Structures are given as structure tokens and as C-alpha cells.
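Accompanying notes for the structure given below.
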Amino acid sequence: MPINFTHRKPHRIAELTFVGVIMTIGWAMGDTFWAVYMKEFIKSDSMVGFLSGLFTFISTLAFFFFVPLVEKSDEAKLFAYCMITSIVSYLIYYFTENFWVFFLITICLVISLVLRRESYGLLIRGNSEKRSISKNQGLVYMLANLGWLIGPLIAGFVAEEYGIRKIYVFSAVFLLFALAVFIIFKIKDSSHKIKINVGNKNFCSLQNFKYIWQHKELKKTYLISVGLYIWWTIIYIYLPLLISESLSVIWVGYFLAAIPIPLIFLEYFVGKYQHKIGAKKLFTVGNSILSTVALAAFFIDNIYLLMVLFVFASIPVAFIEPTRESYFWELVPENSVRHYYGPYMSSIDIGSILGRVIFAAILLILPYKFIFLALFLLMLYVTHVAFSVKGEEGLRDN
């Protein structure tokens with residue numbers, strides 16, 4: 001049964017986007033110093049890497065085992081509950097000095113993040129008309145990146161003035177503000193008119209993932225999404241480590257604040273004109289440039305040039321990031337979006353795990369620059385996948 005669009009209000013996307021910006025500032029503040037905070041408990045860089053990998057693995061499992069909850073739930077209520085869980089978790093971060101309390105709270109937090117991310121994405125989809133999906137995705141990503149610019153700057157100031165733990169109090173305040181705005185706007189689940197086959201056993205999460213993997217175009221966009229999050233692993237884990245070894249730590253803050261600037265200016269326009277440009281062209285050009293940047297980085301020893309190069313690389317990232325999700329919506333039948341969105345979004349954690357493990361293994365036996373060579377090979381493969389994407393025109397032909 002097709003979705004009835006007549007009940008959808010255009011201002012809902014603006015309201016959801018405003019909530020998303022406030023929420024992203026809170027998340028970005030917490031993420032900026034999360035590894036440093038975690039090191040207070042385990043005192044080892046390598047254990048920080050292994051433990052963060054374990055949490056990412058738990059997050060991946062959550063996509064498969066908790067998707068049925070999303071299928072049967074009101075996304076607006078689920079989003080609110082996840083925000084409350086995150087607020088409480090961040091406040092406990094501030095107070096606890098016990099490792100096992102931290103460990104258990106973080107497991108609850110990563111599961112709530114999975115459900116929050118999926119429910120928010122479905123709220124965006126449910127309040128969008130089909131012809132506006134790509135434009136709305138571009139707007140949401142563009143303004144979310146504004147949060148990734150502001151959040152690290154606030155976090156750096158708070159850490160310097162009040163200490164790292166206080167960051168999580170400020171993060172909780174921003175999340176509470178976002179939740180309050182969400183409630184005041186009375187945002188509701190607008191996809192409730194979709195016919196959901198909840199009783200059909202074929203819609204269990206692992207079978208949904210199998211469907212994605214057997215569907216050629218869904219598989220391609222899944223792999224492109226994995227490649228994007230392998231790229232983000234370099235940006236947010238390995239480059240900050242390299243920068244901190246060569247320069248003052250304040251340069252890590254400058255670098256991470258600069259990364260989203262091209263995204264802020266470009267992603268809305270990429271989403272708006274995606275159908276004119278074509279998903280295939282955006283995927284192909286974006287990944288081709290990323291693979292070229294990775295290869296160039298292998299031959300560059302100057303840390304300042306490396307930072308400039310990777311900030312420039314945010315331009316092709318802007319071609320890929322909003323397009324991958326809106327193209328997913330083009331591929332999936334409207335009455336099945338709840339079933340396949342969770343398994344598709346597991347590409348985020350799969351990419352994060354692969355990036356952490358592959359590059360960590362390389363650093364055990366080879367100099368740092370060889371992670372850029374590995375990145376080049378990985379992005380070259382993703383570029384090959386992008387060349388085979390049909391794009392919107394190919395879908396219409398079929």
C-alpha cells in the first residue's frame with residue numbers, strides 16, 4: 001500500500017533538522033575526547049583501540065537483533081527513549097570512576113545510539129515526500145556537519161577550563177535541549193500508514209541483511225557506505241594520533257573542526273541536485289578523488305600538507321555522504337523501509353571495524369605511511385564498485 005503523503009507537513013523536516021543540529025553538537029562534544037576519557041580507566045592506547053572495537057562490534061550486533069523493535073515501534077517515542085538513555089549515560093560518565101560501571105553503561109549507550117540513529121533516519125524518511133528525499137537528506141547532513149564543527153570547539157574549551165569529565169555534563173545538556181525541542185514540536189511517526197508485515201518470518205534481521213546482499217544495487221550502495229566509514233576511521237582515529245605525535249594537541253582540534261567545513265557548504269546542494277547529476281556520477285567521482293588523495297598521502301611527509309590534503313578530501317566526501325542514503329531510499333520499496341534500513345545502516349559499524357582492524361594490523365609491522373597505501377587500495381576497490389552502480393536512470397530503464 002503506498003504511503004499517503006497528504007498528512008505530511010513540510011516544516012517537519014526543518015524541525016527535525018533543528019533537533020538534529022542540537023543533538024549532533026552534543027554527540028560531537030562527547031566523541032571528541034571519548035578515547036581520552038576511556039584511557040582514564042584502562043591506561044593503555046592499545047587497549048583503548050581494542051575496547052572501542054568491541055563496543056563497535058556490539059553496535060553492529062544491535063543492528064541485527066534490535067531492528068524488529070524498530071519495526072514494531074513508534075519511531076518518535078523510540079527516538080525520545082533513546083535520547084533519555086543517552087542523557088543518563090553521559091551524566092553517569094561524569095560521576096563514575098568504576099571501570100565496570102563505565103563498561104555496562106557504554107553497552108547501553110551504543111545500543112541506544114543504534115536505535116536513535118535508525119529511528120531518526122526513519123522519521124526523516126517518513127516526513128519526506130518521495131521527490132524531496134535527496135534534498136532533505138542533503139539538508140540534514142549539511143546542518144549536522146555544522147554540529148561537528150561547533151561540538152569539538154566547545155569540547156576543547158570545556159576540557160581546557162574544567163576538565164574532560166565536565167564535557168559529558170555539557171553534552172547531556174545539549175541532548176536534553178534537543179529532546180525538549182523534539183517534544184515541543186510534537187514530532188510524530190508519519191510512516192504509520194505503511195503496511196508492515198511484522199508477522200512474516202521472512203523479515204527477521206539476518207534475512208533482511210541477506211536480501212540486501214543478494215540485491216545487486218543494494219549491495220553496491222552498502223559497500224560504498226562501508227568504504228566511507230573506513231575513510232572516517234582514518235580521519236577521526238589515526239590522523240589525530242599522527243598529528244599529536246608531531247604537533248601540539250590543539251592542532252588536532254583545528255584539524256577536526258576544519259573537516260566538516262566543506263561538507264557544510266556542499267551537502268545540501270549535492271542532495272538538491274542529486275537527480276540531475278546522478279548517483280552513479282557522484283559515487284564515482286567522489287571515490288576516485290578519495291583514492292587519489294590516499295595515494296598522494298603515502299608520498300607526503302609534511303604534516304601540515306597532510307592536514308590540508310585531508311580537509312580538501314571532505315569535498316568528494318560531500319558527494320558520497322548524502323547520496324548513499326537517499327539512493328538507498330530509491331532502491332527499497334516504501335512498505336519495506338523499516339525492515340531494511342537497520343541492516344543497511346550496519347555498514348557504518350562494519351566500515352569502522354574494518355578500518356580499525358586493518359590499519360592497526362599494518363602499524364604492527366610497517367611505518368605509519370603504509371596505512372595510506374592500504375587506504376588507497378580499499379578506496380580503489382570502492383571506486384570500482386561505484387563504476388558499476390546503475391544510478392537513477394538505470395533503475396528507470398528497468
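Within 10 Å of each residue's Cβ, count the other Cβ atoms and sort 40, 245, 75 from fewest upward.
Details: 40 12, 245 9, 75 25.
Least crowded to most crowded, the residues run 245, 40, 75.
Looking at the stretch 244-299, which trypsin sites (Lys or Arg not before Pro) are in a loop (DSSP not H, G, I, E or B) and have at most 14 other Cβ atoms within 10 Å? Let's see the in-between values first.
Values: sites: 272, 276, 280, 281; in loops: none.
When the trypsin sites (Lys or Arg not before Pro) of the stretch 244-299 are filtered for loop state and at most 14 Cβ neighbours within 10 Å, nothing remains.
Just the Kirkwood number for the stretch 269-340, please: inverse of mean 1/r across all distinct Cα pairs, in Å, one decimal. All intermediate terms of the calculation are to be shown ahead of the outcome.
On the way: mean 1/r = 0.0724 Å⁻¹.
It is 13.8 Å.
The numbers here are math on the coordinates, done by the rules we state, and not lab data. Here the structure is a predicted model, which is why all the values come from computation and not from measurement. Cβ: placed from backbone, ideal geometry, glycine included. Neighbour counts: every protein chain shown.
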